[in-house]
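One structure is given here, and the rest of the page talks about it.
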Amino acid sequence: MAIVKSNDRLYQDLARSLLDELSQGRYPVGTRLPAERDLALQYEVSRPTVREAIIALEVQGLVEVRIGSGAYVKRLPGEEDRPGFNVTAFELTEARLLFEGEAAALAATQVNDADVAEIEVLVQRIAEENQDPNGTESADREFHLAIARATRNVAVYNAIEHLWNLRATSPEAALLHEKARHANVKPVVEEHSAVLDALRARDPNAARAAMRTHLSAVLEGLLFATEERALAEARKATQAKRERYARATA
């Protein structure tokens, strides 16, 4: 059955439909929701839409997502329970792809040798943080903000800084990025190096393309992190990337 569409994002309509089904007792506490692919077919939506809807319910504490098993009902909603709908990780990354691609192109026309040296250090820090099981992604944030700063445009920098702040302040975005981190989906050094090389060459077209390629991969990584088989496969893929990087720098 197709969901009744409103002017909201499609995942929000689906989240409300699922919440209504929980309220009606269709899925008791402790039971597993249908698989992602089944919900996608049932409601005639894409699998990413299903993922965003489930995350919205998870943020509310209504369901618990278990890697490799699926989403289970944690509690039934009361009358006051309605998803808050903040910025999702998918929306955020789409916005970053638009803004940061153009920022990288602008930075390539303004960047100086000191900027390049700083960004090069940050690429190395990203590699080091990836090797630390308890590492954060602070170097990744600083890498992107350094490029924004190199545009010499305060408005561009403020816009990109705000997008990065949303990663932590939007519950939906923070939750999915945390899931990706737990699935060992980390910043890919080679993608950041490609952006650095384009900036070093002062090539705006190459910088734009490299940044867009990188953020498209981030979007794919977020999708991958929510797949039922993501944990083992992501670790395997990340290990392969580390080995390739180690060989390249040996």
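Counting other Cβ atoms within 10 Å of each Cβ, which trypsin sites (Lys or Arg not before Pro) in segment 32-131 have at most 16 and sit in a DSSP loop?
Listed in order of number, the matching sites are 74, 75.
Phi angles of segment 160-168 translate, via the Karplus equation with coefficients 6.51, -1.76, 1.60 and θ = phi - 60°, into HN-Hα couplings of 6, 4, 5, 4, 5, 4, 5, 4, 9 Hz per residue; Gly and Pro are given as x. Net charge dipole, segment 33-174: roughly 280 debye, given to the nearest 20, about the Cα centre with Cβ charges of +1 for Lys and Arg and -1 for Asp and Glu. For residue 49, the solvent-accessible surface computed with a 1.4 Å probe is close to 20 Å², ligands and nucleic acids excluded.
The values are calculated or read from the model by the stated rules, or taken from the named source; none is laboratory data. Note that this is a predicted model, so its numbers are computed, not measured. So basically every Cβ, Gly included, is an ideal-geometry build from the backbone, and we count neighbours across all protein chains shown. Side chains included, ligands, DNA and RNA excluded: accessible areas come from the protein's heavy atoms. Shrake-Rupley method; radii C 1.70, N 1.55, O 1.52, S 1.80 Å.
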